[in-house]
Amino acid sequence: MDNEENNEYLELLAHKYKQGTLTEVEAVYFESWYNKHHDDQLELPQGYSLNPIVIRERIHQKLKQRIRDDHKKHQPGHFQISLTWQRIIAAASVLIIIGFLVYTYFLQEPNTITPAATKISLNVAPGSNKATLMLADGTILDLNAAENGTIATQQQTSIEKTADGSIAYKYEGAKSNSSPDLSNTITTPRGGQFQITLPDGTKVWLNAASRLKYPVSFLEQKGTGKRGTRMVELSGEAYFEVAKDKAHPFIVKSGKQEVEVLGTHFNINSYENEGKIRTTLEEGSVRVSAEHRNKIIIPGEQARFEADGTITVKQADLETELAWKNGKLKFRDASIQQIMREVSRWYDIDIRYEGAIPGDLFTGGISRQSNLSSLLKIFEASQIKFHLQQNGSKRTLVIKP
């Protein structure tokens, strides 16, 4: 069982412990883990009981102190220090990820937990692979329903649906007959995601409620004997693994922003309701330009194009920013509004708040394959209540403090 699977299993056991539903085998496993990594109690000052940030910070400080103490104890022996550090780091990877859940299930009094209302009605299924493809002539194809193999031909470029459910473009004609003016558009709905390989070999993962427009061919422009830039247009969120071509930069246009690369891995979040465009770089180098301003970012950094036209650069939380592409929903010190915008897109539901919007910040995460009710358990400690309203095919999650 790898670390991520182990962490999710421990989260499940923590919840079952609170409910008193652990089996005998599960109880042995959970008590063994708890005794191994929690060798003393975590005491919290009165008044901190609803602040997960404070709890996580105290866990950090606790681990740092253990490292300092261990270093003093074993300073002459490097081998002993290495072994103990491995143990502490292993403990930290679990403690920090489920620290908030430990707080929720062990430190709160049972009668302060308010379960989400009508749990059965909140059992909304997650999104899945689905998208539509609009061809150059306006024809729209349902990619989820399409059979594997060639699904369309655009002049001398075939469009193939592969065995893994993605689509890929394959150019089969002569360069002199290419037509770079033709373009296709792939669109994912709320509750959908999709992967595509563009005509130049660039791989793109498209998140829910997103759209990507791109040329059918990146071959030379008619009459020029050469190619220019490789430009695509994005609305929503996508992760790019750009095929390297130093002579022909790859450009992603999102609203007023342009990102220029030669070959790299990066993520762009350009949803209109996020209020900013976030470009997060995992590998390579990119130039982010907008309204006569530009910034070059390096791996591990994020450029933010704000509504006022400014571009700021900061260190990125790659694990959180790229979680969606890796099959996770993760958030760190996020408001419920931030979280619910992502929930709305992935679970294909509308969100409505009744009364004051809760001001708590939350840290947590689950698999993107989890039902909505599993995600909402994270908010129980803050006594936030939820119920789902259905009007025909439209579903609305109502949130009350």
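Going through (1) at pLDDT below 95; (2) assigned to a strand (DSSP E or B); (3) not hydrophobic (A, V, I, L, M, F, W, C) one by one, G309 falls short only on (2).
Residues checked against (1) touching a Lys or Arg at 6+ places or on another chain (Cβ under 7 Å); (2) over 17 Å from V204 (Cα atoms):
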residue	(1), (2)
G263	yes, no
S270	no, no
G275	no, yes
L281	no, no
V288	yes, yes
I297	no, yes
V313	yes, yes
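Against the test of being out of contact with any Phe, Trp or Tyr (no Cβ under 6 Å at 6 or more places or on another chain), under 30 Å from I384 (Cα atoms) and not small (G, A, S), the options E301, E342, E291, E241 yield a single qualifying residue, E342. Of the residues examined, S374 is not one that is at negative phi, in contact with a helix residue (DSSP H, G or I) (Cβ under 8 Å, 6 or more places away or on another chain) and polar (S, T, N, Q).
When the residues of segment 336-366 are narrowed to those that are out of contact with any strand residue (DSSP E or B) (no Cβ under 6 Å at 6 or more places or on another chain) and of a type in the set (S, T, N, Q), which ends up farthest from T279 (Cα to Cα)? My answer is Q337.
In this structure, does I196 turn out to be at pLDDT 95 or above, surrounded by fewer than 21 Cβ atoms within 10 Å (Cβ to Cβ), at negative phi and among the hydrophobic types (A, V, I, L, M, F, W, C)? Here the answer is no, as I196 does not meet what is asked. Pairs linking a residue in segment 239-263 that is closer than 13 Å to V286 by Cβ to a residue that is of a type in the set (V, I, T) and in a loop (DSSP other than H, G, I, E, B), with Cβ atoms under 6 Å and 6 or more positions apart or on different chains, are V242/T202; V242/T264; P249/T229; F250/V242; I251/T229; V261/V242; G263/V242. Selection of segment 340-366 for residues being surrounded by fewer than 20 Cβ atoms within 10 Å (Cβ to Cβ) and free of Cβ contacts under 8 Å to residues at least 40 places away in the same chain yields only G359. Filter segment 315-354 down to the residues that are in contact with an Asp or Glu (Cβ under 7 Å, 6 or more places away or on another chain), farther than 22 Å from G192 by Cβ and not in a helix (DSSP H, G or I) and list them by number. Passing the criteria: Q315, A316, R332. The criterion of being in a loop (DSSP other than H, G, I, E, B), of a type outside the set (V, I, T) and in contact (Cβ under 8 Å) with a residue 24 or more places away in the chain does not hold for Q302.
The values are calculated or read from the model by the stated rules, or taken from the named source; none is laboratory data. Being a predicted model, the structure only gives us computed values, none of them experimental. Backbone-built Cβ (ideal geometry, glycine too); neighbour counts: all protein chains shown.
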